[in-house]
Amino acid sequence: MTLTWIRAAPEDEPGPGPWIEIAFGADDLVYLRETGDPENVVTTTRTKWEAFAMGVRAGEFDHFTTG
């Protein structure tokens with residue numbers, strides 16, 4: 001299967017990371033990997049990914065980035 005990976009990196013960041021990459025595949029699966037270890041791929045469902053993304057937008061994970 002061929003996946004189109006999208007890198008989650010700030011537009012003004014020159015690189016090389018490491019960053020997370022995401023790809024949307026068949027059967028409602030979402031694939032995640034790190035740029036530094038592209039062979040190690042984690043999968044989840046689109047429903048779970050969308051719930052996670054909503055939580056990020058709502059600030060539910062902000063406590064991981066402070067202090």
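The values are calculated or read from the model by the stated rules, or taken from the named source; none is laboratory data. All of these numbers come straight from a predicted model, not from anything done at the bench. Glycine gets a Cβ as well: all are built from the backbone with ideal geometry, and neighbour counts include every protein chain shown. The accessibility values were calculated without ligands, DNA or RNA, using every heavy atom of the protein model including side chains. Shrake-Rupley method; radii C 1.70, N 1.55, O 1.52, S 1.80 Å.
Loop-located GluC sites (Glu not before Pro) in segment 1-52 (DSSP state not H, G, I, E or B) with no more than 14 neighbouring Cβ atoms inside 10 Å: GLU11. Our helix-only sum for the chain, with -39,500 (n - 2.57) per DSSP H run of n ≥ 4 divided by its residues, gives a mean residue ellipticity at 222 nm of -5500 deg cm²/dmol.
Over the chain, calculate the relative contact order: mean separation of alpha carbon pairs under 8 Å at least 6 apart, over the residue count, as a percent.
On the way: 73 pairs, mean separation 13.1, N = 67.
It rounds to 19 percent for the chain.
Accessible area per residue (1.4 Å probe, heavy atoms of protein chains only) ranks PHE64, PHE24 as PHE64, PHE24, with the largest value leading.
Computing the accessible area with a 1.4 Å probe over protein heavy atoms, can you report the carbon and sulfur percentage for the chain?
Details: 2840 of 5310 Å².
Percent of accessible area from carbon and sulfur atoms in the chain: 54.
Phi-derived couplings, Karplus 6.51 cos²θ - 1.76 cosθ + 1.60 at θ = phi - 60°, listed residue by residue for segment 53-58: 4, 5, x, 4, 4, 7 Hz, with x used for Gly and Pro.
Quick one: what do you get for the chain if you divide its Cα Rg by 2.2 N^0.38 Å?
On the way: Rg = 13.2 Å, N = 67, 2.2 N^0.38 = 10.9 Å.
Ratio of Rg to 2.2 N^0.38 Å for the chain: 1.22.
Once the 1.4 Å probe is applied to the protein heavy atoms, segment 5-55 comes out at 71 Å² accessible per residue.
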